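> Starting off with a structure, shown below.
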Amino acid sequence: MIKFLDLKKQYESIQTQVDNAIRNVIMDSAFIGGKYVERFEREFADYIGAHYCLGVANGTDALEIALWSLNLPKGSEVLVPANTFIATAEAVSRNGLVVRFIDCGEDYTMDIASLEAHMTPNTSALIAVHLYGQACNMHEILEIAKTYRLKVIEDCAQAHGATYKDQKVGTFGDIATFSFYPGKNLGAYGDGGAIVTNDKSLFHKCQMYANHGRSSQYGHEFEGINSRLDGIQAAVLSVKLPYLDQWIKQRRTIAQTYMDALKDISISLPLIKENVGHVWHLFVISATKRDELITYLKEHNIQCGIHYHTALPKLKAYEGIRQDCSHFKACKEDKTLLSLPMGEHLEKKDILCVASTIKAFLHQGL
Ligand SMILES: *Cc1c(COP(=O)(O)O)cnc(C)c1O
C-alpha cells in the first residue's frame, strides 16, 4: 500500500523524543499555557522570522482571531480565494464581514487580475492562501493592497517554511495564520494553530481575544473566546520543528521525481513558479478522467486525495452570495484535481510506482 500520508512512520522515527516530551508536560502538569507553549511560540516565531507568535486551538480559530484583531468595518468585503478550505471563508463571515471570491491562476494561488477585478469601494482586506505549499505572488499582492488600502492576512496553513523571493511566508502581510492539524507539514498530535505578526498591538489584541478578553487574571476588558494551543501539542511541535526543513527537502525531492516521471503525458502537472520555495504540502495534478483514475489507483493500492472537491462558491454554504463565479477557473476545474501521495514516508520506488500506474491507466484509456 502506498499511503497518502503516514504519520505512524514519522512518529516511529522520533518516538523517544516525542514520548519524553509528552511525559515531561504531564509530570509538570503544564497542560494549559506554561513553559512548553511559551517555548514553542518563541521557536516558531524565530523559525518564521516574525516578532510574535501566539499559539491557538486550530488554524480556523487563528484565522477568525486574526481577522477580528484588524477591526475591519462591519459589513465590508474580504477577498478570499474560491479554491481553498472552507475555514478561510468562514473566518470572514463569522466576523460579520462579507466574502468576495477571487479566482486562481495557473499555479492555483490567487490570480492578480481577478483580485483587481473584484475590488469594490467596500473592500477592506484580502486573505492570501499559500495553497498546496506554494507562495502567492506576494509583491504584486502587497502592491495592490497598498494602492487600495487593504489589510493583508496570510493563510499559511499549508505552507510552513515556504518562501517567496527568499522570504518566509507569514512575514509579508499584516498578520498570518498557521494550522498544526496532524496532516499538515508541521502537525501536532491533535488540533493546533498559530498567529504570527510583527505588529505588537495586533499580537496583544489576539492574545486577549483568544483568552476571554483578559488583560490580567481577573480583568476581562471585553468578551473574547477560549482558543489555546495546549502544552502537549506545543511540546510535540517543539520536537518536530527542528526536522521540518529536512522533511521539506524530502518533499522537494519527491516532487521533482514526480515531475520527471510524469512529463509528456496527458495530465497537467503543478506549475512551479521560479521565485518561490515550494514546500509541497500537496502534489496536485489535473486529469480529465479524475474519478476513474482515483478508482484505478485505489485498485492498485495507491491512496489519493482531492483538494478541493467543490470550489467554495458552488457549496450549499455559499448559495446566498450574490456573486457569479461560474466562469472561474477554480470552479470549472475542481472536478479534475487529484492529490498524489506526498510526504517523507515515501521512497523513490513508491513515486515511480505511482507514476507507472498513472501511465498504465492513461494507456488503457486509449
Ligand atoms: C487546514 C487549513 C485550515 C484550517 O486549519 P485547522 O487547523 O484544521 O482549523 C485553514 N486554511 C487552510 C488553507 C487549510 O489548509
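> Against the definition (in a loop (DSSP other than H, G, I, E, B) and crowded, with 19+ Cβ neighbours inside 10 Å), how does LEU63 come out, yes or no?
Numbers: in a loop (DSSP other than H, G, I, E, B): no; crowded, with 19+ Cβ neighbours inside 10 Å: yes.
Judged against the criteria, LEU63 is not a match.
> Does segment 117-128 include one or more residues that are crowded, with 18+ Cβ neighbours inside 10 Å and either within 12 Å of the ligand (Cβ to nearest atom) or closer than 29 Å to GLU344 by Cα (or both)?
Within segment 117-128, one or more residues are crowded, with 18+ Cβ neighbours inside 10 Å and either within 12 Å of the ligand (Cβ to nearest atom) or closer than 29 Å to GLU344 by Cα (or both).
> I'm checking my understanding of the structure. Among residues of segment 55-80 that are small (Gly, Ala, Ser) and more than 10 Å from the ligand (Cβ to nearest atom), which one is modelled with the lowest pLDDT? I'd like the intermediate steps shown before the answer.
Start the filter on segment 55-80 by keeping residues that are small (Gly, Ala, Ser), which leaves 55, 57, 59, 62, 66, 69, 75-76.
If we keep only those that are more than 10 Å from the ligand (Cβ to nearest atom) too, we end up with 55, 66, 69, 75-76.
Values: GLY55: 98, ALA66: 98, SER69: 98, GLY75: 94, SER76: 98.
That would be GLY75.
> Separate question: If you take the residues of segment 68-81 that are touching a Ser or Thr at 6+ places or on another chain (Cβ under 9 Å) and not β-branched (Val, Ile, Thr), which of them is nearest to ALA235 (Cα to Cα)?
Step one: of segment 68-81, the residues touching a Ser or Thr at 6+ places or on another chain (Cβ under 9 Å) are 69-70, 72-73, 76-81.
Subset that is not β-branched (Val, Ile, Thr): 69-70, 72-73, 76-77, 79, 81.
On the way: SER69: 27, LEU70: 30, LEU72: 34, PRO73: 38, SER76: 39, GLU77: 38, LEU79: 35, PRO81: 33 Å.
Applying the filter and picking the extreme gives SER69.
> Same structure, new question: Identify, by number, the condition in (1) among the β-branched types (Val, Ile, Thr); (2) under 24 Å from LYS184 (Cβ atoms); (3) outside any helix (DSSP H, G or I) that THR120 doesn't meet.
Of (1) among the β-branched types (Val, Ile, Thr); (2) under 24 Å from LYS184 (Cβ atoms); (3) outside any helix (DSSP H, G or I), only one is false for THR120: (2).
> Oh, and also: Could you identify the single residue in LEU337, LEU346 that is touching a His at 6+ places or on another chain (Cβ under 8 Å), crowded, with 18+ Cβ neighbours inside 10 Å and not aromatic (Phe, Trp, Tyr)? Break it down stepwise before answering.
Working: LEU346 fails: touching a His at 6+ places or on another chain (Cβ under 8 Å).
Going through LEU337, LEU346 in turn, the sole match is LEU337.
> Quick one: in segment 92-109, of everything that is surrounded by fewer than 17 Cβ atoms within 10 Å (Cβ to Cβ) and in a loop (DSSP other than H, G, I, E, B), which residue is nearest to the chain's Cα centre (by Cα)?
Looking at the filtered set, the residue picked out is GLU106.
> Mind checking which residues of segment 224-252 are of a type in the set (A, V, I, L, M) and not in a helix (DSSP H, G or I)?
Taking segment 224-252 first, the residues of a type in the set (A, V, I, L, M) are 225, 229, 232, 234-237, 239, 241, 244, 248.
The answer is ILE225, LEU229.
> I'd like to check something: does segment 256-266 contain any residue that is surrounded by 22 or more Cβ atoms within 10 Å (Cβ to Cβ) and in a helix (DSSP H, G or I)?
yes
> Within the set of pairs 6+ apart or on separate chains, which have a first residue in segment 221-237 that is free of Cβ contacts under 8 Å to residues at least 40 places away in the same chain, a second that is β-branched (Val, Ile, Thr), and C-beta atoms under 7 Å apart?
none
> Take the conditions in contact with a strand residue (DSSP E or B) (Cβ under 6 Å, 6 or more places away or on another chain), of a type outside the set (Asp, Glu) and crowded, with 24+ Cβ neighbours inside 10 Å and apply them to VAL80. Does it pass? Break it down stepwise before answering.
Details: in contact with a strand residue (DSSP E or B) (Cβ under 6 Å, 6 or more places away or on another chain): yes; of a type outside the set (Asp, Glu): yes; crowded, with 24+ Cβ neighbours inside 10 Å: yes.
Taking the combined requirement at face value, the residue satisfies it.
> Would you mention how many residues in segment 133-171 are within 16 Å of the ligand (Cβ to nearest atom), without any contact (Cβ under 8 Å) to a residue 60 or more places away in the chain, closer than 22 Å to ALA117 by Cβ and assigned to a loop (DSSP other than H, G, I, E, B)?
The qualifying residues number 1.
> Hey, any hits in segment 81-98 for a residue that's away from the ligand (no atom under 16 Å from the Cβ) and among the charged types (D, E, K, R)? First the steps, then the outcome.
Initially, segment 81-98 is screened for residues away from the ligand (no atom under 16 Å from the Cβ), giving 96-98.
Narrowing further to those that are among the charged types (D, E, K, R): none.
Scanning segment 81-98, I find no residue that is away from the ligand (no atom under 16 Å from the Cβ) and among the charged types (D, E, K, R), so the answer is no.
> For segment 83-111, name all the residues that are hydrophobic (A, V, I, L, M, F, W, C) and touching a Gly at 6+ places or on another chain (Cβ under 8 Å). Walk me through how you get there before you give the answer.
Kept after step one, since they are hydrophobic (A, V, I, L, M, F, W, C), are these residues of segment 83-111: 85-87, 89, 91-92, 97-99, 101-102, 104, 110.
ALA87, LEU97, VAL98 - these are the residues of segment 83-111 that are hydrophobic (A, V, I, L, M, F, W, C) and touching a Gly at 6+ places or on another chain (Cβ under 8 Å).
The values are calculated or read from the model by the stated rules, or taken from the named source; none is laboratory data. Nothing here was measured: the structure is a model prediction, and the numbers come from that model. Neighbour counts run over all protein chains shown; Cβ positions are idealised from the backbone, glycine included.
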